[in-house]
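Heads up, the thing below is written out as C-alpha cells.
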Amino acid sequence: MCSNRGLRIVMYHYVRDLQHSRYPAIKGLDVSLFRQQLEFFKENFNVITMEQLIDSVQTGSNLPDNAILLTFDDGYIDNYTYALPLLEEFQMQGSFFIPGKTFKEHKLLDVNKIHFILASADINKLVVDLKCKMDFYRGAGNEYAPTDELYKEYAVANRFDNKDTIFVKRILQNVLPENIRNLISSELFEKYVGVSEEKFAHELYMTKEQIHTLKRHGMYIGVHGYDHYWLGKLDTKQMHKDIDEALDSLEGIVDRNKWIINYPYGNYSDEVIEYARNNGAVLGLSTEVRAANFETDNVYALPRFDCNDFPPKSDNYIKEEV
Ligand SMILES: [Zn+2]
C-alpha cells in the first residue's frame, strides 16, 4: 500500500498563555508548548495545507511523506493572538473551524460555559449543585430520567476527564432538554464564573474581521456548525437549519461549492454527511483518534489526534489507535 496517502490531523482548542491567564485550569495548550510542538513538526513532519489535502482527495495526488495538518476548533481569540503569529513564523498553515453563533451573535456556546464552569468550580460541589438543579427542574413538561440513573449512565471517565467531569459535560451538552440545560448552565456560570456571558463571549471569540484577517494571512477557514450542536442528534429539520446558518454566517469566507465540515464534538450521522455532501462539502473531520488513511477511510469522517498526543505532551501519535 502506498504510504504517502496517509495523514495525521492534529486538533487544537485553546492555545494560550495559561500561567498568566485568569483561568489557568482551562484545558488548553500553553503557548510555550505550542512553539515546541511546531518545532517538533518542523523537524519530523511536513505540514500540509487544506488545499493540498482537498487536491489529494479529489485527484488522487500523493501527499508528502509524514504529512500532517493542523486544525483549530471553535474560533477562540487566543488562536488569533497566540497561534497565528507562531504559524506565520514557522510558515505553516492552520485550518480554523468556527461556529457561526460566536462571531455573529457574540453569544457564549454551551460548550464554553461548561469549560469555564469546570475551570472555576470545585468538582465535588459542582456535581452536588447540578444534581440538585436537575431534581428542581424535573416535571412540568420537562421529563428526564431520575438523577441517580443518569449519573450511573453518564459518569464514565475517558482518557482526558474523570467521571464527575464527564457527567457534568454530558448532562449539560445534550442529555437534558435544551431549555433546561441552557437554564442550568447559565445559573452555574453566573455562580461559579460570575462574569456576564455577553462580555465573556466578546473576550473569548474572534470577530468576523479577525476571521477575515486569518484568511488574508493564508489560513483556511471551515464550518463547525452554527450553534455547536451534536449534529447527529438533531432532528432532520434542525440539522439542516444549523448547517445552512453556519454556511450563511461564513458567506464570503467559505466557498459554498467546496467547503470542509468539522462536526462539533465529533458527532455526525449518515444523514449529516449526506446533507453536507449534497450542499458542497468535500471533506469531514471527526474526533476519532488515529491516523487517517485515504485508501480505507471515509473522507467525510477523517480521524484526528489531539495536540496532547504529540510531543512535548506525549508520543501517543505513534500508536495506530489511542
Ligand atoms: Zn467545537
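Quick notes on this structure:
Condition check ((1) open to solvent by 70 Å² or more (accessible area, probe 1.4 Å); (2) β-branched (Val, Ile, Thr); (3) touching a residue at least 60 places away in the same chain (Cβ under 8 Å)) across all residues:
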position	(1), (2), (3)
LEU250	no, no, yes
ARG256	yes, no, no
ASN267	no, no, no
ARG277	yes, no, no
ALA291	no, no, yes
ASP297	no, no, no
PRO303	no, no, yes
SER314	no, no, no
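- Close pairs from region 13-33: first within 17 Å of ASP74 (Cβ to Cβ) and at pLDDT 90 or above, partner open to solvent by less than 30 Å² (accessible area, probe 1.4 Å) and among the polar types (S, T, N, Q), Cβ under 7 Å, at least 6 apart: VAL15/ASN79
- Filter pass, VAL195 being without any contact (Cβ under 8 Å) to a residue 12 or more places away in the chain, part of a loop (DSSP other than H, G, I, E, B) and either open to solvent by less than 10 Å² (accessible area, probe 1.4 Å) or β-branched (Val, Ile, Thr) (or both): yes
- Selection within region 262-282: residues that are closer than 19 Å to GLU251 by Cα and in a helix (DSSP H, G or I). The member of this set that is farthest from the ligand (Cβ to nearest atom) is ASN278.
- Answer from PHE116, PHE97 - the residue that is within 16 Å of the ligand (Cβ to nearest atom) and either at positive phi or in a helix (DSSP H, G or I) (or both): PHE116
- ALA201 falls short of the stated requirement of being in contact with a Lys or Arg (Cβ under 7 Å, 6 or more places away or on another chain), under 30 Å from LEU69 (Cα atoms), in a loop (DSSP other than H, G, I, E, B) and not acidic (Asp, Glu).
- Single residue of region 34-63 satisfying the filter (over 14 Å from LEU283 (Cβ atoms) and modelled with pLDDT under 95) that is most open to solvent (accessible area, probe 1.4 Å): ASN62
- Exactly one residue among LEU69, LEU53 is assigned to a helix (DSSP H, G or I) and within 22 Å of ILE98 (Cα to Cα), and that residue is LEU53.
The values are calculated or read from the model by the stated rules, or taken from the named source; none is laboratory data. Everything numeric here is computed off the predicted structure, so don't read it as measured data. When we count neighbours, we look across all protein chains shown, and the Cβ atoms used for this are built from the backbone with ideal geometry, even at glycine. Note: accessible area is taken over every heavy atom of the protein model, side chains too, but ligands, DNA and RNA are not part of it. Shrake-Rupley method; radii C 1.70, N 1.55, O 1.52, S 1.80 Å.
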